[in-house]
Amino acid sequence: MASRDVLVIGGGIAGMQASLDLAEMGIRVRLVEKNPSIGGKMAQLDKTFPTNDCAICIQSPKLVEVGRHPYIDVLAYSEVIGFSGSIGDFRVTVHRKPRYVDAAKCTACGACAEKCPTLVPNEFNFGLNNRKAIYKDFPQGIPSVYTIDPVHCKLLSGGKCGVCAKVCQAKAVDYTQKPYDEEFVVAAVIIATGYELFDASQITEYGYGRLPNVVSSLEMERLLNASGPTRGHLMRPSTIRAKTRLEQIEKQLKKAERSGDAPLLESLLREQQRLQEHVHKY
Ligand SMILES: Cc1cc2nc3c(=O)[nH]c(=O)nc-3n(C[C@H](O)[C@H](O)[C@H](O)COP(=O)(O)OP(=O)(O)OC[C@H]3O[C@@H](n4cnc5c(N)ncnc54)[C@H](O)[C@@H]3O)c2cc1C
Ligand code: SF4
Ligand code: SF4
């Protein structure tokens, strides 16, 4: 018998709602999302028109519903790489990227991220703060699993570390995971890949990308958001960066003091003094 299954590409609010509607009709859905979690742009918004409710408060119950629905398979951190067939009988190949964390064991406790020494600009917050090399893109993200970013992880990029595996009590970290491809036969495909932000630096008179405190509307959403880089306190990006650098200097100073590196100590103290004098102006 031909498959009645449906493949949905894109785990934003549109793909999530389409999946739920189909699943409620008894149709099995494979929901493919390229990011580590489903949620899309709505998860980044602060409050939403028309009710002015907190976006994630509206979306969170739906995220859980999608994650738990027996008729929905969430294939996050995955992309469609092969496609053939016609209506009623499509063959789709989905590329599954390794998280280097066993999704069945991870409890999303966050102990690994707390101890990970590697800081990476947080793309969910447009680089306005940092995340760790082992991370969850946002707390309510589904699947509720941590992921190692292999480009920035010290160990996976050829260096030494392994801290996350040592602190993970669930023994979920698995540096040996490999990518693999899965094939699905589906009757229909819904493409709900949403939108990408326009590159505002193309309108040069606005100064976006040139002036540090010109932000896009989605960056503004993150700046206003209680779970954003400033916990919702409105700050200019240059102030955030200066404060972040001051925090880094504090840590580097302690290291330099311990190792007795006098020239480094002096240059760090000079930078610290300069930033402290001017931080309110940035
Ligand atoms: C600043 C701002 C404020 C807004 N405020 C409001 C508001 O107040 N009220 C309102 O109703 N709307 C608002 N919107 C609009 C709202 O954000 C969008 O309409 C909605 O989020 C779009 O959802 P979507 O699922 O279509 O797309 P997206 O949220 O873009 O989701 C698409 C998903 O598909 C994934 N994807 C993309 N390509 C692939 C691929 N090849 N393979 C697998 N996955 C892929 C993406 O990673 C993403 O998760 C606002 C938008 C902005 C920018
Ligand atoms: S990988 Fe381990 S330490 Fe990290 S969140 Fe998952 S269970 Fe917790
Ligand atoms: S192994 Fe990689 S992800 Fe794990 S703690 Fe070290 S740098 Fe972080």
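Annotations for the structure displayed:
- Sole residue being surrounded by 13 or more Cβ atoms within 10 Å (Cβ to Cβ) and modelled with pLDDT of 95 or more, chosen from Arg222, Arg241: Arg222
- Residue check for Tyr195: at pLDDT 95 or above, surrounded by fewer than 18 Cβ atoms within 10 Å (Cβ to Cβ) and closer than 30 Å to Leu22 by Cβ: yes
- Val173 being at pLDDT 95 or above, away from ligand 3 (no atom under 16 Å from the Cβ), surrounded by 14 or more Cβ atoms within 10 Å (Cβ to Cβ) and β-branched (Val, Ile, Thr): no
- Selection status of Val8, at pLDDT 95 or above and outside any helix (DSSP H, G or I): yes
- Selected residue (only one of Lys166, Lys178 is among the basic types (Lys, Arg), under 28 Å from Ala108 (Cα atoms), at pLDDT 95 or above and more than 11 Å from ligand 3 (Cβ to nearest atom)): Lys178
- Among the residues of segment 31-76, those that are under 15 Å from the mean Cα position of the chain (by Cα) and within 17 Å of Tyr195 (Cα to Cα) comprise Glu33, Lys34, Asn35, Ser37, Ile38, Gly39, Gly40, Lys41, Met42, Ala43, Gln44, Leu45.
- Only one of the numbered conditions (1) more than 16 Å from ligand 2 (Cβ to nearest atom); (2) in a loop (DSSP other than H, G, I, E, B) is violated by Thr176, and that is (1).
- Residue check for Val145: over 14 Å from Pro229 (Cα atoms), surrounded by 15 or more Cβ atoms within 10 Å (Cβ to Cβ) and within 13 Å of ligand 2 (Cβ to nearest atom): yes
- Enumeration of residues in segment 129-142 that are in a loop (DSSP other than H, G, I, E, B) and either in contact with a helix residue (DSSP H, G or I) (Cβ under 6 Å, 6 or more places away or on another chain) or near ligand 2 (Cβ under 10 Å from one of its atoms) (or both): Lys136, Asp137, Phe138, Gln140
- The conditions of being touching a residue at least 40 places away in the same chain (Cβ under 8 Å), surrounded by 13 or more Cβ atoms within 10 Å (Cβ to Cβ) and out of contact with any Asp or Glu (no Cβ under 8 Å at 6 or more places or on another chain) are met by Val189.
The values are calculated or read from the model by the stated rules, or taken from the named source; none is laboratory data. Since this is a predicted model, take the numbers as computed values, not measurements. Cβ: placed from backbone, ideal geometry, glycine included. Neighbour counts: every protein chain shown.
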